[in-house]
């Protein structure tokens with residue numbers, strides 16, 4: 001295959017989930033709903049072919065001794081001096097993650113065929129899975145931070161809509177809204193970081209702003225610029241990877257169906273923050289402040305995550321906190337400059353965690369079988385930490401774990417609460433409305449329910 | 001041809017005035033015919049203007065680069081609004097209001113002088129006078145005062161009082177803080193579709209760009225900073241108000257005001273990408289808020305509880321396609337990737353941060369707040385357990401699907417191939433940039 005063919009192959013892998021998404025959406029909007037068989041077969045074929053294509057790409061690059069492949073389609077749009085390049089990049093960082101995305105998306109599609117069989121939201125789930133697969137592939141292969149932002153936001157919206165998948169209950173919907181709030185605020189970091197890079201360097205294309213090939217890239221940014229950009233990217237990465245102070249959204253996201261929890265919060269979506277920082281590694285290398293902040297954020301999250309994990313009562317929440325802990329450690333590795341270690345950690349963690357999430361629904365059954373086989377309960381484990389921590393401190397740590405590090409409380413008290421109070425205060429000055437809802441017994445009941453919820 | 005674009009809806013308006021207010025049967029065909037004819041004429045005129053690069057003149061009427069694309073867009077939005085009007089809206093009052101806003105806005109787009117612009121401006125105010133006075137007091141006061149300001153400005157010459165009057169009229173109409181109050185109550189008490197179109201004409205931005213900058217270059221230079229500061233304040237203020245608003249039409253009005261105020265802020269950036277972004281954002285706001293409002297109105301016609309949702313209504317289970325149209329339009333308004341909103345905001349924010357860091361920080365923040373509000377509204381309307389009392393209502397009918405698809409497809413195609421639209425809007429952006437350069441000290 002020529003270079004042109006390889007370029008087309010990479011572009012096809014990225015774009016094919018988007019094509020399926022658009023095709024099925026348009027058909028549905030016009031009144032046709034594809035059957036489960038058509039959906040699963042087309043997804044299966046697409047993800048299998050994509051996986052083969054990524055494998056072929058990787059092998060070709062290894063045989064040819066290439067360390068990266070840049071596919072430039074030209075400019076998406078331009079105005080004045082501002083240009084938005086449309087280019088994809090396959091290198092030693094993006095290819096493994098692209099392969100992981102395609103592999104796990106196909107696996108989840110296959111798993112969901114039975115798991116969600118005859119569910120009302122079967123079609124919706126597959127649509128959102130395709131949108132997610134496109135967004136994630138775009139994030140991992142974008143050759144500029146501008147393009148990455150597009151994929152980043154698509155992943156965010158598909159993630160939120162899947163959290164609210166079982167929308168007959170109030171809790172998933174409320175939690176989805178809360179997660180979206182966290183996402184949007186954290187995404188401001190990526191947006192502002194991109195603007196800042198444009199302002200300082202005139203571009204966000206990695207080929208233009210970094211010299212060399214990952215992981216040996218260097219940046220020409222000065223210390224203060226690198227610190228500003230690094231901290232903004234850290235904000236965005238913390239939001240996506242559920243790191244301090246955005247760590248309280250991850251357990252809330254467990255309201256979605258288990259296959260989506262597995263791929264989003266066990267495997268792909270949560271690791272995007274880490275990927276962003278790995279991609280921006282040359283910037284962190286210039287600024288010890290930004291790198292140090294990454295280490296601190298990772299350590300704090302790992303500590304809070306492990307505490308909460310140990311006191312969680314249900315399997316999925318427990319796994320979510322365990323994920324958060326590992327991600328904290330990955331952030332520490334990135335902050336310390338161990339890029340290869342972080343990448344291997346991401347791949348290993350994603351695979352193990354996906355398996356754990358997918359096994360979570362049948363885990364209780366397994367426990368019961370093990371208890372039956374052992375003719376009683378298994379011996380308790382995990383008591384060895386008790387030897388090192390005084391009893392009084394243990395109580396405090398237990399309380400802290402139960403309250404999830406008091407982070408939700410603090411966010412509500414110092415950010416959400418004051419913002420809502422300010423909005424209510426401003427609304428007091430608005431002209432009085434005519435449309436007063438008649439407070440019937442039914443409405444009053446709904447209002448009380450709403451307040452309780 | 002340009003005069004026919006305006007005459008068709010004007011004639012239809014008079015036709016509806018003569019019909020009894022209680023007639024409900026087969027009333028929309030004259031409006032559909034007028035809107036379609038107007039759209040065809042507008043497309044031809046705009047095409048010739050764009051390809052020839054010269055303004056189209058017909059007596060007092062003149063179509064320049066600035067209003068070329070908005071003319072076609074607005075004619076299309078009127079047709080979409082009529083096609084997707086639920087049965088409850090297919091009455092002479094609604095149709096007359098739509099035709100009045102259409103004729104007035106198109107006339108203002110084609111007005112070569114300020115007095116003709118005033119006539120168009122006045123025509124668009126007719127919907128405020130078609131309902132009971134108690135319901136539309138805010139819109140009436142704002143409309144009359146702004147019209148008075150414009151008329152006075154057209155008679156007092158080229159001094160600073162004329163500019164102050166002109167700017168006041170623009171601020172009143174655009175609902176810039178502290179004159180934003182009329183829009184939420186007009187959306188709530190009147191027809192949200194009509195008032196959404198009224199806002200989406202963006203006549204205030206056109207007034208400032210075409211007459212303010214052209215006739216008063218130096219004064220505009222002084223005032224544009226102040227005006228855009230108020231626009232910025234409106235973006236944040238309306239976004240905050242929307243966060244705690246419970247009434248759906250009021251919330252949609254606040255979102256529209258917040259996002260539409262970005263246009264003025266974009267002009268203030270005074271660089272190519274900022275102005276280009278502002279002219280694109282004009283299109284995005286018009287398409288997205290129309291799609292969103294029309295979808296909401298269809299939902300409200302099926303389930304009146306949607307106007308003041310308490311808890312989660314779960315309407316998505318019964319109307320999944322309307323939910324999808326609403327969501328895509330609403331998210332395009334706040335820059336969903338893949339739609340034109342993403343491109344417009346990318347350009348706008350880049351332009352803004354290059355010239356004013358405060359602008360560059362405040363606009364993304366307002367967008368983030370609006371995005372959260374939009375999703376909250378979507379969840380409240382469409383997610384949740386449907387009430388047992390909700391009857392079996394139909395999802396979007398074929399004609400409604402067609403009309404709403406036009407909005408969504410335009411937003412998606414614009415997002416996938418934005419350069420076509422950027423090139424189309426380039427003459428407009430160049431015209432504004434040239435006027436701003438004329439006004440700048442350099």
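Summary of values
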item: Set B:418, B:391, B:398: member being surrounded by 16 or more Cβ atoms within 10 Å (Cβ to Cβ) and either facing chain A (nearest Cβ under 9 Å) or at pLDDT below 95 (or both); result: B:418
item: The listed residue being in contact with a helix residue (DSSP H, G or I) (Cβ under 9 Å, 6 or more places away or on another chain), within 11 Å of another protein chain (Cβ to nearest Cβ) and either under 29 Å from residue A:22 (Cβ atoms) or not in a helix (DSSP H, G or I) (or both), out of A:166, A:126, A:140; result: A:166
item: Breaking point among (1) more than 10 Å from every other protein chain (Cβ to nearest Cβ); (2) buried (at least 22 other Cβ atoms within 10 Å of the Cβ); (3) touching a strand residue (DSSP E or B) at 6+ places or on another chain (Cβ under 7 Å), for residue A:210; result: (2)
item: Count - residues of the range A:58-99 that are without any contact (Cβ under 8 Å) to a residue 60 or more places away in the chain and closer than 19 Å to residue A:217 by Cβ; result: 5
item: Failed item in (1) assigned to a loop (DSSP other than H, G, I, E, B); (2) more than 14 Å from chain B (Cβ to nearest Cβ); (3) over 22 Å from residue A:132 (Cβ atoms), with residue A:247 passing the rest; result: (3)
item: Filtered residues of the range A:57-82 (kept if surrounded by fewer than 17 Cβ atoms within 10 Å (Cβ to Cβ), within 14 Å of chain B (Cβ to nearest Cβ) and assigned to a strand (DSSP E or B)); result: A:73, A:74, A:75
item: Residue A:112 over 18 Å from the mean Cα position of the chain (by Cα), part of a helix (DSSP H, G or I) and crowded, with 23+ Cβ neighbours inside 10 Å; result: yes
item: Test: residue in the range B:186-204 that is more than 16 Å from the chain's Cα centre (by Cα), assigned to a helix (DSSP H, G or I) and surrounded by 24 or more Cβ atoms within 10 Å (Cβ to Cβ); result: no
item: Filtered residue count, the range B:343-359, keeping only those that are at the interface with chain A (Cβ under 10 Å from one of its Cβ atoms) and either closer than 21 Å to residue B:241 by Cα or buried (at least 24 other Cβ atoms within 10 Å of the Cβ) (or both); result: 9
item: Subset of the range B:304-327 (residues that are crowded, with 22+ Cβ neighbours inside 10 Å, more than 9 Å from every other protein chain (Cβ to nearest Cβ) and farther than 13 Å from residue B:377 by Cα); result: B:319, B:322
item: Every residue from the range A:16-46 that is exposed (fewer than 14 other Cβ atoms within 10 Å of the Cβ) and within 14 Å of chain B (Cβ to nearest Cβ); result: A:19, A:23, A:27, A:30, A:31, A:32, A:33
item: Unmet requirement for residue B:386, which otherwise passes all of (1) touching a helix residue (DSSP H, G or I) at 6+ places or on another chain (Cβ under 7 Å); (2) assigned to a helix (DSSP H, G or I); (3) surrounded by fewer than 24 Cβ atoms within 10 Å (Cβ to Cβ); result: (2)
item: When residues of the range A:173-190 are limited to those that are crowded, with 23+ Cβ neighbours inside 10 Å and either over 15 Å from residue B:335 (Cα atoms) or touching a strand residue (DSSP E or B) at 6+ places or on another chain (Cβ under 8 Å) (or both), the one nearest to the other protein chains (Cβ to nearest Cβ); result: A:173
item: So residue B:406, is it part of a helix (DSSP H, G or I), more than 10 Å from chain A (Cβ to nearest Cβ), out of contact with any strand residue (DSSP E or B) (no Cβ under 8 Å at 6 or more places or on another chain) and touching a residue at least 40 places away in the same chain (Cβ under 8 Å); result: yes
item: Flag if residue A:193 is part of a helix (DSSP H, G or I), surrounded by 23 or more Cβ atoms within 10 Å (Cβ to Cβ) and more than 8 Å from chain B (Cβ to nearest Cβ); result: yes
item: Test: residue in the range A:81-101 that is closer than 18 Å to residue A:21 by Cα and in contact with a helix residue (DSSP H, G or I) (Cβ under 9 Å, 6 or more places away or on another chain); result: yes
item: Residue identified as touching a helix residue (DSSP H, G or I) at 6+ places or on another chain (Cβ under 7 Å) and either more than 19 Å from residue A:178 (Cβ to Cβ) or in a helix (DSSP H, G or I) (or both) among A:401, A:417, A:392; result: A:401
item: Listing of helices (runs of 4 or more DSSP H) fully contained in the range A:273-381 that carry 1 or more residues being surrounded by fewer than 19 Cβ atoms within 10 Å (Cβ to Cβ), at pLDDT below 90 and out of contact with any strand residue (DSSP E or B) (no Cβ under 6 Å at 6 or more places or on another chain); result: A:288-311, A:315-336, A:339-373
item: Residue in the range B:422-432 that is at the interface with chain A (Cβ under 9 Å from one of its Cβ atoms) and farther than 30 Å from residue B:217 by Cβ present; result: no
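To keep it simple, each residue is scored yes or no on (1) closer than 24 Å to residue B:208 by Cβ; (2) not in a helix (DSSP H, G or I).
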{"position": "B:27", "(1), (2)": "no, yes"}
{"position": "B:30", "(1), (2)": "no, no"}
{"position": "B:41", "(1), (2)": "no, no"}
{"position": "B:47", "(1), (2)": "no, no"}
{"position": "B:51", "(1), (2)": "no, no"}
{"position": "B:68", "(1), (2)": "yes, no"}
{"position": "B:72", "(1), (2)": "yes, no"}
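The values are calculated or read from the model by the stated rules, or taken from the named source; none is laboratory data. What you see is a predicted model, and the numbers here were worked out from it, not measured in a lab. FYI the Cβ positions are ideal-geometry reconstructions off the backbone, even for glycines, and counts take in every protein chain you see.
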